[in-house]
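The values are calculated or read from the model by the stated rules, or taken from the named source; none is laboratory data. Note that the structure is a prediction, hence the values are computed from the model and not measured. In this analysis, Cβ positions are derived from the backbone assuming ideal geometry, glycine residues included, and neighbour counts consider all displayed protein chains.
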Amino acid sequence: MRKMAILLIAVVALMVIGCQPPEGMTGGVSQEAFDELKTQVETLQTDLDNVHASLDQLIEDYNALKAKVDKGSKPVPKPPAPSKPPKVKVK
Amino acid sequence: MKKLLGLTLAFAALLIMVGCDGEIALVAPANFTIAAATNEVDVVLDWDAVTEEVDGYYLYFNTAAIGTLTTAGYTHVDPQETGTYYVTAYLDEDESDPSTTESTAPIIADNITLAEINATGNSGLGWSRTDGSATTYTMGDATNAALIDFYFSDWAVGHAGTYEFYTPDLVETDPGVTWPMSGTWNSCSFTEVLADPFDDVTVLPASGYYNHTEVTATSAAYGVYTGNDYFGMVEVKSINTTTGQIEVRVAFQPVQGLRIIEH
């Protein structure tokens with residue numbers, strides 16, 4: 001019985017020691033990896049913002065183009081008339 | 001016999017006296033001409049001096065005597081009206097037959113249709129330098145070039161643009177011309193719309209002539225100055241934008257360089 005208790009304590013001690021993160025690690029992830037991950041997340045956030053902005057612009061362009069297409073059934077404006085010769089005073 | 005001889009001599013003397021008592025016909029002045037002075041409003045009259053004995057000359061304008069002259073030649077200063085001139089020679093109470101009659105009266109032609117250069121009909125108009133008559137011509141035939149004083153165009157393909165009178169020497173660059181064309185075209189110039197209507201214009205402006213002028217309204221009159229120094233006038237009577245045609249009345253002053261257009 002006594003042996004069993006010692007063995008149990010030893011197992012618990014080993015488990016406690018095994019669960020401790022190595023030096024320089026927080027919660028199992030190193031600080032460098034964490035910082036790198038944070039940077040990547042921030043970059044992704046920036047990229048996402050850019051994608052949103054591009055999407056807004058795309059929608060705007062699409063709507064403008066659609067408005068032009070919708071006007072397609074209206075008469076096309078005449079091309080400008082050829083410019084007349086300069087008016088020259090002869091006499 | 002002696003008596004018969006006396007009667008014969010008396011009869012002969014009577015015949016001679018009767019013959020001498022008859023009028024010696026004065027010779028009419030020859031080579032009577034009229035021309036415009038350099039100021040374009042005076043009329044210069046000239047004729048050959050009669051070589052027989054004469055006291056002078058009577059000058060007539062519209063059949064009324066306007067001058068008694070002792071030498072050949074006269075300038076009718078700024079008459080402001082047109083008409084016919086002739087001259088006679090006189091000696092004492094005797095007067096010769098008149099010279100030839102010369103006229104400054106413009107030649108009027110009415111109800112002329114001009115078509116825009118892409119419309120159906122003739123676009124060009126020319127005045128005869130011989131009799132002042134007006135004739136329309138197609139601009140599609142460059143062999144007419146020497147006969148055309150001006151033409152009618154909207155300076156575009158089709159005939160829906162702004163109508164104008166143009167100097168013919170621009171026609172080869174007219175966008176409405178879609179056919180091969182090459183010719184020696186006359187030049188011409190035009191005033192803007194004159195202040196007075198066609199029938200009230202007596203003397204055309206001395207200046208303000210351009211190589212083309214816009215046809216803006218009916219009942220508008222325009223002065224025309226041809227490249228070889230003749231003056232004319234055009235009245236636009238109607239404009240039909242559907243057919244591309246206008247109806248005009250024209251006047252032509254047959255005396256070269258004379259601006260008087262009273263009619």
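B:Thr202 fulfils the conditions (1) within 14 Å of another protein chain (Cβ to nearest Cβ); (2) over 22 Å from A:Val88 (Cα atoms); (3) not charged (D, E, K, R) except for a single criterion, (1).
Which one of these is surrounded by fewer than 23 Cβ atoms within 10 Å (Cβ to Cβ), in contact with a His (Cβ under 8 Å, 6 or more places away or on another chain) and not assigned by TED's automatic domain parsing to the domain that holds B:Ala37: B:Leu147, B:Leu170? Spell out the reasoning first.
Details: B:Leu147 fails: in contact with a His (Cβ under 8 Å, 6 or more places away or on another chain).
Of B:Leu147, B:Leu170, the one residue that is surrounded by fewer than 23 Cβ atoms within 10 Å (Cβ to Cβ), in contact with a His (Cβ under 8 Å, 6 or more places away or on another chain) and not assigned by TED's automatic domain parsing to the domain that holds B:Ala37 is B:Leu170.
Which residue, of B:Thr75, B:Thr51, B:Thr38, is over 23 Å from B:Leu204 (Cα atoms) and either modelled with pLDDT of 95 or more or assigned to a helix (DSSP H, G or I) (or both)?
Details: B:Thr75 fails: over 23 Å from B:Leu204 (Cα atoms); B:Thr38 fails: over 23 Å from B:Leu204 (Cα atoms).
Only one candidate qualifies: B:Thr51.
Of the residues making up the stretch B:213-227, those that are at the interface with another protein chain (Cβ under 10 Å from one of its Cβ atoms) and surrounded by fewer than 21 Cβ atoms within 10 Å (Cβ to Cβ) are B:Glu214, B:Gly227.
Report those strands (runs of 3 or more DSSP E) wholly inside the stretch B:192-258 carrying at least 1 residues which are over 19 Å from B:Trp155 (Cα atoms).
So the answer is B:220-226, B:231-240, B:245-252.
Checked against (1) within 13 Å of chain A (Cβ to nearest Cβ); (2) crowded, with 19+ Cβ neighbours inside 10 Å; (3) modelled with pLDDT of 95 or more; (4) over 17 Å from the mean Cα position of the chain (by Cα), B:Tyr230 meets all criteria but (4). Of everything in the stretch B:161-173 that is outside any strand (DSSP E or B) and at the interface with chain A (Cβ under 9 Å from one of its Cβ atoms), the residue that is farthest from the chain's Cα centre (by Cα) is B:Gly161.
Output the residue which, of all residues in the stretch B:119-154 that are under 18 Å from B:Pro106 (Cα atoms) and part of a loop (DSSP other than H, G, I, E, B), is nearest to the chain's Cα centre (by Cα). If we take residues in the stretch B:119-154 being under 18 Å from B:Pro106 (Cα atoms) and part of a loop (DSSP other than H, G, I, E, B), then B:Gly132 is nearest to the chain's Cα centre (by Cα). When residues in the stretch A:60-86 are screened for being at pLDDT below 85 and part of a helix (DSSP H, G or I), 12 of them pass.
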